[in-house]
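The structure appears below as C-alpha cells.
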Amino acid sequence: MKKEIIPSLLLTIVCILFFSGVYPAVIWGIAQVAPNKGEGIIVKDKSGKYYYSNIGQKFTADKYFWSRPSAVNYNAAGSGGSNKGPDNPDYLAQVQATIDTFMVHNPGVNKADIPSDMVTASGSGLDPHISVQGADVQVARVAKVRGLEKDKVEALVKAHIEGPMMGMGPERVNVLKLNLDLDNLK
C-alpha cells in the first residue's frame with residue numbers, strides 16, 4: 001500500500017505546483033508578446049460606445065457583415081464550442097438552419113460558395129474574425145442594403161484583410177473593425 005500512496009501523493013504535489021504555478025506563468029509570459037500584452041483590445045465607435053475587437057460580436061442586421069456563429073452566444077465569460085461531433089443530428093440540423101438563413105439573406109449565393117466559417121462556430125465561440133471568402137460572399141448584400149457601390153464595399157473589405165497570425169494560418173478579416181468603418185462611410 002505504501003508503494004502506491006507515496007507516488008500518488010508526490011504526483012499530486014507535482015501537478016498542483018505545475019498547474020497552479022508553472023503553467024500559468026508560462027501562459028502569462030506568452031501573452032506578454034501578444035498584441036496589447038494579452039489584454040482586451042478596445043475600440044470606440046462614432047457614438048462613443050466601446051467594444052473589444054479581439055472578442056467576437058454578434059451582427060445579424062443585413063447592413064452589417066455577419067460574424068461566424070457562436071456556440072456560447074458571444075459570451076466572453078464562458079467560451080467554448082458545442083462539443084457536438086460532425087455526425088451529430090442536432091449539430092447537422094443547426095448547420096443546415098444556419099446555411100438556410102444565410103442563403104435567404106444573401107440571395108444569389110450558391111450553397112457551395114458559402115465558406116465553412118460562416119456556418120460553423122469556432123472552438124472558443126468568440127472568434128472575432130471571418131475568412132476573406134466569408135467577407136467577400138457578403139459584399140453584395142451589404143452594398144445593396146446600404147445603397148453603396150459594390151466596388152466601394154469590396155475595397156473596404158480589402159483594406160481590412162489581416163495577414164496570418166505569427167505567419168501561420170489564413171488571411172482573415174476582423175468583423176467588428178470592418179463594420180465600424182462601414183458605419184463611417186459616407
Members of the stretch 38-52 that are over 16 Å from the mean Cα position of the chain (by Cα) and touching a residue at least 12 places away in the same chain (Cβ under 8 Å) | Val43, Asp45, Lys46
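Return the only residue of Val139, Val157, Val175 being surrounded by 13 or more Cβ atoms within 10 Å (Cβ to Cβ) and either in contact with a strand residue (DSSP E or B) (Cβ under 6 Å, 6 or more places away or on another chain) or not assigned by TED's automatic domain parsing to the domain that holds Ala76 (or both).
Numbers: Val139 fails: either in contact with a strand residue (DSSP E or B) (Cβ under 6 Å, 6 or more places away or on another chain) or not assigned by TED's automatic domain parsing to the domain that holds Ala76 (or both); Val157 fails: either in contact with a strand residue (DSSP E or B) (Cβ under 6 Å, 6 or more places away or on another chain) or not assigned by TED's automatic domain parsing to the domain that holds Ala76 (or both).
The match here is Val175.
Filter the stretch 41-53 for residues that are among the small types (Gly, Ala, Ser) and surrounded by 13 or more Cβ atoms within 10 Å (Cβ to Cβ) and give the result. Can you show your working first?
Pass one, the stretch 41-53, residues among the small types (Gly, Ala, Ser): 47-48, 53.
The one that is among the small types (Gly, Ala, Ser) and surrounded by 13 or more Cβ atoms within 10 Å (Cβ to Cβ): Ser53.
Go through the stretch 122-140 and give me each residue that's more than 15 Å from Leu176 (Cβ to Cβ) and in contact with a helix residue (DSSP H, G or I) (Cβ under 9 Å, 6 or more places away or on another chain).
Restricting attention to the stretch 122-140, the residues satisfying the condition of being more than 15 Å from Leu176 (Cβ to Cβ) are 123-125, 131-133, 136-137, 139-140.
Those that are more than 15 Å from Leu176 (Cβ to Cβ) and in contact with a helix residue (DSSP H, G or I) (Cβ under 9 Å, 6 or more places away or on another chain): Ser131, Val132, Gln133, Asp136, Val137, Val139, Ala140.
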Could you check how many residues of the stretch 59-69 are buried (at least 17 other Cβ atoms within 10 Å of the Cβ) and in contact with a Lys or Arg (Cβ under 7 Å, 6 or more places away or on another chain)?
-> 1
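Residues Lys144, Lys44: which one is closer than 16 Å to Asp183 by Cα and in contact with a Lys or Arg (Cβ under 9 Å, 6 or more places away or on another chain)?
Selected residue: Lys144, the only one of Lys144, Lys44 that is closer than 16 Å to Asp183 by Cα and in contact with a Lys or Arg (Cβ under 9 Å, 6 or more places away or on another chain).
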Looking at Gly56, Gly78, which is the one that is at negative phi, loosely packed, with under 14 Cβ neighbours inside 10 Å, in the same structural domain as Val175 (by TED's automatic domain parsing) and within 22 Å of the chain's Cα centre (by Cα)?
-> Gly78
All conditions in (1) surrounded by fewer than 17 Cβ atoms within 10 Å (Cβ to Cβ); (2) closer than 26 Å to Val43 by Cβ; (3) modelled with pLDDT under 95 are true of Ala121 except (1)
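The values are calculated or read from the model by the stated rules, or taken from the named source; none is laboratory data. Everything numeric here is computed off the predicted structure, so don't read it as measured data. Glycine gets a Cβ as well: all are built from the backbone with ideal geometry, and neighbour counts include every protein chain shown.
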